[in-house]
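*Asks:* Here it is, the structure in full.
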Amino acid sequence: ETTAEEEEPFEETIPTIYMYDLGSSIPLVDLQKSQGEIVVKYIYNSGSKDIESFECYCEIKIQGASSAGYPKKNFTVKFFKDADLESKLKVDLGWGKENKYCMKANYVDSSQARNVVGAKLFAEVVASRENINPGLLDAPNYGVIDGYPVVVYINGEFHGLYTMNIPKDKWMFG
């Protein structure tokens, strides 16, 4: 029989993302939506026993329409094993192995909760219904976005709290 004192304490911390420019002509902090994608070194430290930490190369671009004008940008990220982007890297960030995700800055929401919490509430409403579209039964969060908070550093500089979200792609909709 083990006591609480003998058990190893579990300290779950918020995931931390480190992104580093790779000598692109456009530094990530200056990237504009109209400039398209650049490649960065991407390090994901999960701080969790449930999700693996990883390092990869990442094709990154500004995500969103009106939010692209805010000082803190949303990003679409695609993971690759190599800097030449020849081999996709699929990682499981809680929704199955995929290589494309969104990092939301939630610039106009200091709580960082409206987007993700609203989606979780909507998913609970969908789950309570008897007549659910069968394609949504196996979809992450019943086909609405889902995410969790992450801390982001760009080139070693703290850039704040974001949420790591599933993108609005066909895999999300089942």
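*Asks:* Of all DSSP beta bridges located in the chain, what percent are antiparallel, nearest 5?
*Replies:* 90
*Asks:* Pull up all non-local amide H partners of residue 74: gap of 5 or more, or a different chain, and H-to-H distance under 5 Å with H placed in the peptide plane.
*Replies:* Close amide H contacts, sequence-distant or interchain: 63, 105.
*Asks:* If packing is taken as the mean number of other Cβ atoms within 10 Å per residue, what is the order of 117-128, 158-169, highest first? Let's see the in-between values first.
*Replies:* Numbers: 117-128: 13.4, 158-169: 17.5.
Ranking, from highest mean packing down: 158-169, 117-128.
*Asks:* Which length gain, in nm to one decimal place, applies between residue 65 and residue 107 when the Cα-Cα distance is subtracted from 0.36 nm times their residue separation?
*Replies:* So the extension gain works out to 13.8 nm.
*Asks:* A follow-up question, please. Using alpha-carbon pairs under 8 Å, 6+ residues apart, how would you state the relative contact order of the chain in percent?
*Replies:* With pairs under 8 Å counted, the relative contact order is 20 percent.
*Asks:* Here's a follow-up. Ignoring ligands, DNA and RNA, please state the percent of accessible area on segment 87-174 from carbon and sulfur, probe 1.4 Å.
*Replies:* Carbon with sulfur: 53 percent of the solvent-accessible area.
*Asks:* Mind checking the per residue accessible area of segment 18-82 for me, 1.4 Å probe, whole number of Å²?
*Replies:* 51
*Asks:* Quick one: what are the phi-derived ³J(HN,Hα) couplings along segment 113-128, Karplus 6.51/-1.76/1.60 with θ = phi - 60°, whole Hz, x for glycine and proline?
*Replies:* With the stated coefficients, segment 113-128 comes to 10, 4, 4, 6, 5, x, 5, 5, 5, 4, 4, 5, 5, 4, 4, 7 Hz.
The values are calculated or read from the model by the stated rules, or taken from the named source; none is laboratory data. Note that the structure is a prediction, hence the values are computed from the model and not measured. Here the Cβ is made from the backbone with ideal geometry for all residues, glycine too, and neighbour counts use every protein chain on show. With ligands, DNA and RNA removed, areas are computed over all heavy atoms of the protein, side chains included. Shrake-Rupley method; radii C 1.70, N 1.55, O 1.52, S 1.80 Å.
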